[in-house]
1. Being at pLDDT 90 or above, of a type in the set (D, E, K, R) and either in contact with a His (Cβ under 8 Å, 6 or more places away or on another chain) or surrounded by 14 or more Cβ atoms within 10 Å (Cβ to Cβ) (or both) narrows it down to one of Lys77, Lys87, so name that one.
2. Evaluate the stretch 6-14: report whether one residue or more is surrounded by 12 or more Cβ atoms within 10 Å (Cβ to Cβ) and either touching a strand residue (DSSP E or B) at 6+ places or on another chain (Cβ under 8 Å) or within 22 Å of Ser97 (Cα to Cα) (or both).
3. Out of everything in the stretch 73-97 that is part of a helix (DSSP H, G or I) and of a type in the set (S, T, N, Q), what residue ends up being farthest from Ala29 (Cα to Cα)?
4. Of all residues being among the small types (Gly, Ala, Ser) and in contact with a Phe, Trp or Tyr (Cβ under 7 Å, 6 or more places away or on another chain) in the stretch 42-87, which is nearest to Leu101 (Cα to Cα)? Just the residue, please.
Amino acid sequence: MGRKFHKWNDIMEENFQKEGYSELYLEIAIEDYEKDGDATALMLAIKRIADAKGGVKALSERSNLNKQNLYKIFNNKTSPRFDTLSKILKALGYSFSIKSLNTSLNTCTDC
């Protein structure tokens, strides 16, 4: 009896349905972007999450962004503005947050 192989996209989509997986995946993609500046990889990660949450068409409807512009962004034909990226993340159920690069600021003793 032969081994049953699964397609990569099927495995990823299944994982994205698990509680917390998408958030962790996005956090890692952002950390990688902060290290290497590879916006292409970051946008691919966001697109994978969008695909798992109904695809670009559904994202377009939830974000009130033009579907063709989203395809251009995800295919690296254009870079999103900050407000556009914010709308994309919000439509996917996420937001930006700020954390200090200076670890000493993370423990405020006078607060």
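1. Working: Lys77 fails: either in contact with a His (Cβ under 8 Å, 6 or more places away or on another chain) or surrounded by 14 or more Cβ atoms within 10 Å (Cβ to Cβ) (or both).
Checking each option against the conditions leaves just Lys87.
2. Kept after step one, since they are surrounded by 12 or more Cβ atoms within 10 Å (Cβ to Cβ), are these residues of the stretch 6-14: 12-14.
Now restrict to residues that are either touching a strand residue (DSSP E or B) at 6+ places or on another chain (Cβ under 8 Å) or within 22 Å of Ser97 (Cα to Cα) (or both): none.
No; the residues of the stretch 6-14 include none that is surrounded by 12 or more Cβ atoms within 10 Å (Cβ to Cβ) and either touching a strand residue (DSSP E or B) at 6+ places or on another chain (Cβ under 8 Å) or within 22 Å of Ser97 (Cα to Cα) (or both).
3. As a first pass, look at the stretch 73-97 and keep what is part of a helix (DSSP H, G or I): 73-74, 82-91.
Filter again for of a type in the set (S, T, N, Q), leaving 84, 86.
Details: Thr84: 18, Ser86: 16 Å.
It comes out as Thr84.
4. So the first thing to find is which residues in the stretch 42-87 are among the small types (Gly, Ala, Ser), and the list is 45, 50, 52, 54-55, 58, 60, 63, 79, 86.
Next, from what is left, pick out any that are in contact with a Phe, Trp or Tyr (Cβ under 7 Å, 6 or more places away or on another chain): 45, 52, 86.
Details: Ala45: 23, Ala52: 31, Ser86: 21 Å.
Here the residue is Ser86.
The values are calculated or read from the model by the stated rules, or taken from the named source; none is laboratory data. Because the structure is a prediction, the values reported are computed rather than measured. Methodologically, a virtual Cβ is constructed for each residue, glycine included, from the backbone with ideal geometry; neighbour enumeration extends over all protein chains shown.
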